[in-house]
Amino acid sequence: MPLSTQSQSEDVQDVLVANLDNARSLSNILKAITCKDHAIFTATANGLKVTVEDCKCMQANAFIQADIFQEFTLKDDIVVFQINLTVLLDCLNIFGGTPAAGVSTALRMCYRGYGYPLTLFLEEGGVVTVCKINTSEPEEPIDFEFSSSNVTNKVILLSESLKEAFSELDLTSEVLEITMSPSQPYFRLSTFGNSGNAHYDYSKDSDMMELFQCNRTQTNRYKMSLLKPSTKALAISCKVSVRTDSRGVLSLQYLVRNDDGQICFVEYFCCPDEEVEEG
Amino acid sequence: MKFRGKIIDVACLNHFTRVVTTISKLTKTCVLRLTPDNLFFILSGKVTNGGVSMWCELLQNNFFDEYQMEGVSSEFNQICLEVSPENLSRALRTVQCAKSVKIKLTKKHCACLTVAAELPTLSSASRVVTHDVPVEVIPRRLWQEFKEPVMPDFDVSIYLPPLKMLKNVVDRMKNLSNFLVIEANMNGEMNLKIQTDLVSVSTHFKDLGNPPWGEDASQDGGPSQRGDPELLAEATVDIRKLQQFLVGQQVNPSKAMCNIVHQNVVHLILLHEDVSLQYFIPAVA
């Protein structure tokens, strides 16, 4: 494979080198968090975390563990840079978004460090594409201070149950209201749009409800425009965990299986809409 | 001036329709030139179409079962019509299941190409559908604008990679930049490159093969005389023009070639069994 014959001297200078036999393992999960142009890439020994933020109150993270990659070499403890995500996706999909059966695009990513572009080598059917994408100074990602010990309510649902609701969400509603309670209606999604109000209820006894741990009734509203992008993550996931903490901050965690059956995670954080008081 | 053609073979009708549809994706208006042996769809490179020009040649015999034409005069036995290929394509697409299709030059409120087809119905009677596609007759004094393009004195001639892959790459590159560099050499290598402030992307194709013009080339200026086969010729083009060419292609050609005149023009040639299509994209300064 031509990609692995890069000269040794090049490797020595790169602080990050990552190889993937199937570039879709990365591009599919990045599509699930693409709602803004810029993303922060954080590489550690654990793997890659890609962060996108909106309006300082929503954050989407995609986690691709190091063992998903065929090679993942890091020279520093942590490598961070900011990059244009839509450009990156166009490059990862340079040979087309939907590959022919049995054909995959191989990827090699190299990064030399601060000030250098991210270099991608993509190969499909003997054709090689080289991309150099400029990086910039990463902004500090928001720390939502969401702690597992401070979780008020938590449910885990099979994604297929939520997919229908999310695809039908009334987008004329400015907010999506989430109610979680130890009593009826247990788990409810509500919208308030031009045509009226809509509620989607999920009972704690439903087959779709894998886990139900609700301690006290909470109703929170979140800006629809901030949560709508999470539908992309939902679409490729098999399970989703919905948690709120005492402040009403929402954490959505999606379990995603890639083409090879390996597991990756996508996480969305969202602050509640300030105007509404908690119920 | 008279023209009357009849297509009765369903495969020929289908093929002819696909050719016209391809042309309609390349240009809004073009010239249809009719001679006793051929039909040509021509677009001459003008500032108004960004300098792009096109020449599509069909052997009438391969499509029409009956073909009669009488040109402007016996000395100039041709007819040149300005037509919208989209209108013609639409008319043809509605008569795909016809038993026979006749195309005639007629005069209604203006000059028209009338497409008349006999369509089957559930009952034994058939119904006749007629489409009048308006055309404008081009006077003989303007015909020199629509001559067959001369094969440019190219620096490199190379076979194109599979059009589908080419289209996928060009589609993505179009999201990143307005201009694309096409470079190739006589060693079967072709590169597509874009460069902006934000990103640079280059796609490398190998082992494409080079058409054997060199063996037949004349003594002066044939590509085989140029020397080093590794030497790359390049041209920077408006990426939308290349994309437009690729979007239109409906059938895989038997041969697809690209000639490059260094920093001057990209000449694309697609050959099918009975249709040839040439497309010229000028290089931007």
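The values are calculated or read from the model by the stated rules, or taken from the named source; none is laboratory data. What you see is a predicted model; the values in this text were computed from it and never measured. Cβ: placed from backbone, ideal geometry, glycine included. Neighbour counts: every protein chain shown. The area values use the complete protein model at the heavy-atom level, side chains included, leaving out ligands, DNA and RNA. Shrake-Rupley method; radii C 1.70, N 1.55, O 1.52, S 1.80 Å.
Key figures
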{"quantity": "Residues located in the stretch B:124-173, provided they are among the basic types (Lys, Arg) and out of contact with any helix residue (DSSP H, G or I) (no Cβ under 6 Å at 6 or more places or on another chain)", "calculated": "B:127, B:140, B:141, B:147, B:164"}
{"quantity": "Exclusive hit being of a type outside the set (Asp, Glu), surrounded by fewer than 17 Cβ atoms within 10 Å (Cβ to Cβ) and under 21 Å from residue A:50 (Cβ atoms), set A:148, A:183, A:203, A:136", "calculated": "A:136"}
{"quantity": "Selection status of residue A:59, in contact (Cβ under 8 Å) with a residue 24 or more places away in the chain, surrounded by fewer than 18 Cβ atoms within 10 Å (Cβ to Cβ), within 17 Å of the chain's Cα centre (by Cα) and within 26 Å of residue A:252 (Cβ to Cβ)", "calculated": "no"}
{"quantity": "Only listed residue being out of contact with any Ser or Thr (no Cβ under 6 Å at 6 or more places or on another chain), closer than 30 Å to residue A:20 by Cα and assigned to a strand (DSSP E or B), chosen from A:265, A:212", "calculated": "A:265"}
{"quantity": "Residues satisfying the stated conditions in the stretch A:100-113, i.e. under 30 Å from residue A:15 (Cβ atoms) and surrounded by fewer than 22 Cβ atoms within 10 Å (Cβ to Cβ)", "calculated": "A:104, A:106, A:112, A:113"}
{"quantity": "Matching entry among B:193, B:174 (being of a type in the set (Lys, Arg), in a helix (DSSP H, G or I) and within 11 Å of another protein chain (Cβ to nearest Cβ))", "calculated": "B:174"}
{"quantity": "Scan of the stretch A:47-56 for residues that are open to solvent by less than 10 Å² (accessible area, probe 1.4 Å) and either over 15 Å from residue A:263 (Cα atoms) or basic (Lys, Arg) (or both), ordered by number", "calculated": "A:50, A:51, A:52"}
{"quantity": "Cross-chain or 6+ apart pairs with Cβ under 9 Å, the stretch A:135-154 first and on the phi > 0 side of the Ramachandran plot, then assigned to a loop (DSSP other than H, G, I, E, B)", "calculated": "A:145/A:247; A:145/A:249"}
{"quantity": "Among the candidates A:175, A:266, residue that is over 28 Å from residue A:24 (Cβ atoms) and touching a helix residue (DSSP H, G or I) at 6+ places or on another chain (Cβ under 7 Å)", "calculated": "A:175"}
{"quantity": "Unmet requirement for residue A:167, which otherwise passes all of (1) open to solvent by 40 Å² or more (accessible area, probe 1.4 Å); (2) outside the structural domain of residue A:211 (by TED's automatic domain parsing)", "calculated": "(2)"}
{"quantity": "Residue in the stretch A:104-126 that is among the small types (Gly, Ala, Ser), within 17 Å of the chain's Cα centre (by Cα) and either within 14 Å of chain B (Cβ to nearest Cβ) or under 26 Å from residue A:239 (Cα atoms) (or both) present", "calculated": "no"}
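One line per residue, one yes/no per condition, for (1) among the polar types (S, T, N, Q); (2) modelled with pLDDT under 95; (3) more than 26 Å from residue B:19 (Cβ to Cβ):
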position	(1), (2), (3)
B:190	no, no, yes
B:216	no, yes, yes
B:221	no, yes, yes
B:226	no, yes, yes
B:232	no, yes, yes
B:236	yes, no, yes
B:249	yes, yes, no
B:253	no, yes, no
B:271	no, yes, no
